[in-house]
Amino acid sequence: MKKLLLLVLVALAAQCYGQDNDAYMGIVPAPMSVKKAKGSFLLNAETSILTDAPSHKAVIFLREYLRKNGFTNSIVNLNDIDKKAAMVKNAIYLRTNYKNGSREGYDLNVTGEQVVLSGKDAGLFYGVQTLIQIMKIEKRGVATIPCAMIGDEPRFAYRGMHLDVSRHFFDVDFVKKYIDLMAMYKLNTFHWHLTDDQGWRVEIKHYPKLTTVGSMRAQTKIGGFSGNDSSLFDNTPYGGFYTQEQIKEVVDYAAERFITIVPEIEMPAHSMAALAAYPIMSADPSKTYKVDETWGGGPNVYCPTDTTFHMLFGILDEVMDMFPGHYIHIGGDECPKDEWKASAFCQQLIKDSNLKDESGLQSYFIRRIERHVNARGRAIIGWDEILEGGLAPNATVMSWRGETGGIAAAQQNHDVIMTPGSGGMYFDHRQSKSADEPLSIGGNAPTSKVYAYDPVPAQLNNEQRKHIIGVQANLWTEYVATPNKAEFMVLPRLLALAEVAWTVPANKDYNSFCRGREARQLGLLEAKGYNFRVPEPFGISDTTLKGGSFTFELGSPVEGARVYYTIDGFTPRETDLWYTSPLSIEVPKGKEMYLQAITITAGGKRSNVVKVVLDNK
Ligand code: TNX
């Protein structure tokens, strides 16, 4: 009897969170509109799957997903059968006759008898992602899909996630896993930061030394910027790069998931790896340069000679051949001007070209690069420093030092992608103030902060607002050396980013996000083999509460996880009390007690411990 009661309690506790109680059915990012209905559709071996577009990438994606989960249903081409035969019960329809104008929108209607998904292009793919998110695989070859009517389209056209592979290298398998994650949550642009001071990571056939020399550094600095001994290095050579063939493989893999890759080739600064390979591009070619072994922007930059431009054009030509997307990111950030100030060539160029100063020279540099990229029908993106000295005519600006650069660019009628560190878009920042967070660059960007970010600044008028084409989060990897840590830094924050990028503000709600959608997705992500930072239990925080009688209603932030607690002063672990129902704690007059709690997931991942001091002294 006791056991039964316990089971009921556990079931109740589990039910409080997750898919059932969320108005958006646990779907991340929350769709435009969801009408839930009773019942569910049963997908089994008898179900017909019909489509008017059998070779559509979305149809292929769903087919592969179903195959992996033990379904052998064939997919029937609607064009091959007559209309009447096409109207069957127990059927899933994947149609491209989407009435709405949006390329990325979709409608998904699930009844007990039919599932009808319609969307064009990426829209059908996003509909498939939603379908997969709500589908519950009961066993191999059998799934249920809860009845609902969903209508959806994104808020922003550019929904980006960045990965720095220069400071630490991530192999093709990991990059694909990262892209999978983006696709699941309807992000559509992968900003691949391929070059920096600490390593050049893409093969360029004309300039082989970029990788034979530029992809290797002799050693790496240990630890963080501050409070650390800057003379400590790991004494271990480090390197890695992608061949052009591998790049093409990743480009195709992303395209199958409606993700465009924006490659970044940094200039004029963050270029020490390239200068180590080809000093001829520097202000003083008689010097030797090394691939940087420490962090922070290095001092050496490209010198804007004709030779440098000739080489950069050649590099960019190969890059544009590899990456078919519209945008090429040319960096442009953090350019130290000392070398240009000391260079007779640069000073002469400033005079001859009637430039104001070194900022003018930076602008000259970017404009010249832009002309080359534009001539091939492509467009450049640059970090907001490209505003200094005047924007190149067609450049899109990535606003990272707050929103100021983005606002200025939009006011000059330039497109903008918002990615401010101050808005929580720097996923190299720590995820809480706890001393138990791993080494990071600093800053505090908890999921709640990411979630609250709105990329459209209030001071822009309606015309200018149209230039905010989207939003992106960045994972710089100075302190992220392993795939496990990259996933830890990105999750769960990427889920919040997805709602910032996709969901209209009226549908955003942090409480329902973290108790419902995030909790559900983290449970699913664990099953898929992703690492993530496990959120602390709900209903408790590191604080002191005064009084004698307390009640705590805790909650698990991950579906399938358990919350364990102690009141004996010891650190909670799986040997301690398992939270299943509200706790009443009485603290005797004149005493102090501690309630400590931890989340432990089904797979054994642990949150930080939260401790509340109950003070009745
Ligand atoms: C600034 S964001 C940089 C990067 C660093 C990052 C660390 C930007 C355009 N430049 O080179 O990795 O800060 O947060």
Kirkwood Rh over Cα pairs of the range 158-502 into Stokes-Einstein at 10 °C, 1.306 mPa s: D in µm²/s? 78 µm²/s
At most 16 other Cβ within 10 Å, DSSP loop - trypsin sites (Lys or Arg not before Pro), the range 130-203: R140
Residue separation times 0.36 nm, minus the C-alpha to C-alpha distance between H326 and S286: what's the value? 10.6 nm
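Quick one: if the Förster radius is 22 Å, what FRET efficiency do R371 and D454 give, using the C-beta to C-beta distance and rounding to 0.05?
Numbers: r = 35 Å, r/R0 = 1.59.
Computed FRET efficiency for R371 and D454: 0.05.
If I stretch the segment between Q412 and Q347 completely, what's the gain in nm (0.36 nm per residue apart, minus their alpha carbon distance), one decimal? Working shown, then result.
On the way: separation 65, 0.36 × 65 = 23.40 nm, distance 2.89 nm.
Contour length minus Cα-Cα distance gives 20.5 nm.
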Put +1 on the Cβ of every Lys and Arg and -1 on every Asp and Glu Cβ in the chain; which of C346, H467, A53 then has its Cα farthest towards the positive end of the dipole? A53
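Counting other C-beta atoms within 10 Å, and keeping those with at most 15, which DSSP coil trypsin sites (Lys or Arg not before Pro) do you find in the range 497-532? Don't jump to the answer; show the numbers that get you there.
Details: sites: K508, R515, R517, R520, K528; in loops: K508, K528.
Those that pass, being in a loop and sparsely packed, are K528.
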Counting only heavy atoms of protein chains, what accessible area per residue, in Å², does the chain have with a probe of 1.4 Å? 41 Å²
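For the range 216-339, what is the Kirkwood hydrodynamic radius in Å, using each pair of distinct C-alpha atoms? Working shown, then result.
Values: mean 1/r = 0.0608 Å⁻¹.
For the range 216-339, the Kirkwood estimate is 16.5 Å.
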Pairs of Cα atoms under 8 Å, at least six residues apart: use those to get the relative contact order of the chain, whole percent. 12 percent
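Tell me what the chain gives for mean residue ellipticity at 222 nm when only DSSP H runs of n ≥ 4 count, each as -39,500 (n - 2.57), the sum divided by the residue total, rounded to 500 deg cm²/dmol.
Numbers: 18 runs with 173 residues, N = 617.
Here the helix-only value at 222 nm equals -8000 deg cm²/dmol.
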Please report the net charge: other residues with Cβ closer than 12 Å to the Cβ of K341, K and R +1, D and E -1. -3
At 7 Å along Cα-to-Cβ for each site, give me the label-to-label distance between N354 and D317 in nm. 3.1 nm
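Return the loop-located trypsin sites (Lys or Arg not before Pro) in the range 305-388 (DSSP other than H, G, I, E, B) with at most 13 other Cβ atoms within 10 Å of their own Cβ; answer none if there are none.
K356, R376
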Distance in nm between pseudo-label sites at R465 and N21 (7 Å out along the Cβ direction from Cα): 3.4 nm
Once the piece of chain linking K36 and R103 is laid out straight, how much longer is it, given 0.36 nm per residue of separation minus the C-alpha distance between them? 21.7 nm
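For V172 and K89, what is the calculated FRET efficiency with R₀ set at 60 Å and r taken between the beta-carbons, to the nearest 0.05? Present the calculation step by step, with values, prior to reporting the outcome.
Details: r = 44 Å, r/R0 = 0.73.
So the FRET efficiency works out to roughly 0.85.
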Peptide ranges 423-431, 102-110, 482-490 listed from the most packed, as the mean C-beta count within 10 angstrom indicates: 423-431, 102-110, 482-490
From the alpha carbon gyration tensor of the chain, can you work out the equivalent ellipsoid semi-axes (sqrt of 5 times each eigenvalue) and give them in Å, largest to smallest? 45, 34, 21
Residues of the range 471-494 with backbone N under 20 Å of the label point set 7 Å from the Cα of Y65 along Cα→Cβ are 494
Under a plain spin-label model, where a point goes 7 Å from the Cα along Cα-to-Cβ, how far apart in nm are K248 and T307? 3.3 nm
Place a label point 7 angstrom from the Cα of E592 along the Cα-to-Cβ direction, then list the residues of the range 538-563 whose backbone nitrogen is under 16 Å away. 542-548
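Treating only the Cβ of Lys, Arg, Asp and Glu as charged (+1, +1, -1, -1), what charge dipole size does the range 33-152 show about its Cα centre? Round to the nearest 20 debye. Write out the running numbers ahead of the final one.
Working: 17 positive and 11 negative charges, 48 e Å.
Roughly 220 debye, rounded to the nearest 20.
The values are calculated or read from the model by the stated rules, or taken from the named source; none is laboratory data. Source: prediction; values computed, not measured. Reconstructed Cβ throughout: ideal geometry from the backbone, glycine too, with neighbour counts over all protein chains shown. Accessible surface is based on the protein model in full, side chains and every heavy atom, while ligands, DNA and RNA are left aside. Shrake-Rupley method; radii C 1.70, N 1.55, O 1.52, S 1.80 Å.
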